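Structure first, commentary second.
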Amino acid sequence: MTTSATSGARVPQEERTRAMRARLMEATVELLVEKGFSGTTTTLVSERAGVSRGAQLHHFPTKNDLVVAAVTHLTERRGDELAARAAELPEGRNRTRAVIQMLGDHFAGPVFTAALELWVAARTDESLLAAVAPLEQVVGRETHKLTVQLLGADESQPGVRELIQATLDLVRGLGLASTLGDDTRRRRRILDQWAATLDATPGFEARFARTSTTERDHK
């Protein structure tokens, strides 16, 4: 009976701990966006999260401990956000444009801005770099894979893999530019032109042939 009672009491505590850590992670991400890495302090994070300093320090004794945990949290957030948006994309001949614009919006959003703050800080902080670099490699591979799938790209065709990577470099660069001011209209014009370029490129055509056949079969 004692073991059962102890087990029953432990589960809610574990849930409260997970919820508290999640609040700390979300607060850290919000502050990275609002105040940058240098302006994000453990005191501000605990206040924003509604967590006592003692409880925060118990789980994350230093700022880097906190930020490294936030890197992992950000990685999951970025993956979840892209997957959710990808599920809403249309089919048909406007799909390339929708995919490219979705990527552009994602990399111009607050989750990418927070990640960018960590990249800059990691450049001169070895312990932070050790945490950021491998996770960014995971994000890069997964984003590349998702982009290939969404565009129906055939990477066995010469140059297609490079164009996928150029697409991701383009949206990252435009995302970086957006941190200096709202350039949504300019970004959309550029990405519309890039989508048209991909549509006219061998290796991105097979999907349209399948789509056209499917559309005819349904008429």
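The values are calculated or read from the model by the stated rules, or taken from the named source; none is laboratory data. Just so it is clear, the model here is predicted, and its values are computed rather than measured. Glycine gets a Cβ as well: all are built from the backbone with ideal geometry, and neighbour counts include every protein chain shown. Accessible surface is based on the protein model in full, side chains and every heavy atom, while ligands, DNA and RNA are left aside. Shrake-Rupley method; radii C 1.70, N 1.55, O 1.52, S 1.80 Å.
At a glance:
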{"item": "Summed residue charge, Cβ within 12 Å of R188's Cβ, Lys/Arg positive, Asp/Glu negative", "result": "+1"}
{"item": "Inter-centroid distance (Cα atoms) of region 48-62 relative to region 121-179, Å", "result": "33"}
{"item": "Charge tally in the Cβ shell below 10 Å around H144, where Lys, Arg are +1 and Asp, Glu are -1, H144 excluded", "result": "+1"}
{"item": "Where S38, S127 fall by accessible area, highest first, once all protein chains stay in place (1.4 Å)", "result": "S38, S127"}
{"item": "Crossing angle, helix 206-217 versus the chain [Cα axis fit, 0-90 degrees, rounded to tens]", "result": "70"}
{"item": "Spacing of the two label points (7 Å from each Cα toward its C-beta) at D182 and D80, in nm", "result": "2.7"}
{"item": "Probe 1.4 Å, accessible area per residue of the chain, Å²", "result": "55"}
{"item": "Principal-axis tilt of helix 184-199 within the chain, Cα atoms, nearest 10 degrees", "result": "50"}
{"item": "For the chain, fraction of C-alpha pairs farther apart than 25 Å, in %", "result": "51"}
{"item": "Formal net charge of residues neighbouring L24 (Cβ-Cβ distance under 13 Å; K, R +1; D, E -1)", "result": "+3"}
{"item": "Sites E15 and D125, calculated FRET efficiency, Cβ-Cβ separation with R0 45 Å, nearest 0.05", "result": "0.85"}
{"item": "Label-to-label distance, nm, for residues given as Q149 and R93 (7 Å Cα→Cβ offset)", "result": "2.7"}
{"item": "The chain: calculated mean residue ellipticity at 222 nm from DSSP helix runs of at least 4, using -39500 (n - 2.57)", "result": "-27000 deg cm²/dmol"}
{"item": "GluC sites (Glu not before Pro) restricted to region 84-117 and DSSP loop, no more than 11 other C-beta within 10 Å", "result": "E88, E91"}
{"item": "Carbon/sulfur fraction of accessible area - region 1-160, other protein chains in place, 1.4 Å, %", "result": "54"}
{"item": "Full-extension gain in nm, Q157 to Q137, via 0.36 nm per residue minus C-alpha separation", "result": "4.8 nm"}
{"item": "Charge dipole (debye, nearest 20) of region 1-129; +1 at Cβ of Lys and Arg, -1 at Cβ of Asp and Glu", "result": "100"}
{"item": "Acute angle (nearest 10 degrees) that the helix 2-39 long axis makes with the longest principal axis of the chain, alpha-carbon atoms", "result": "60"}
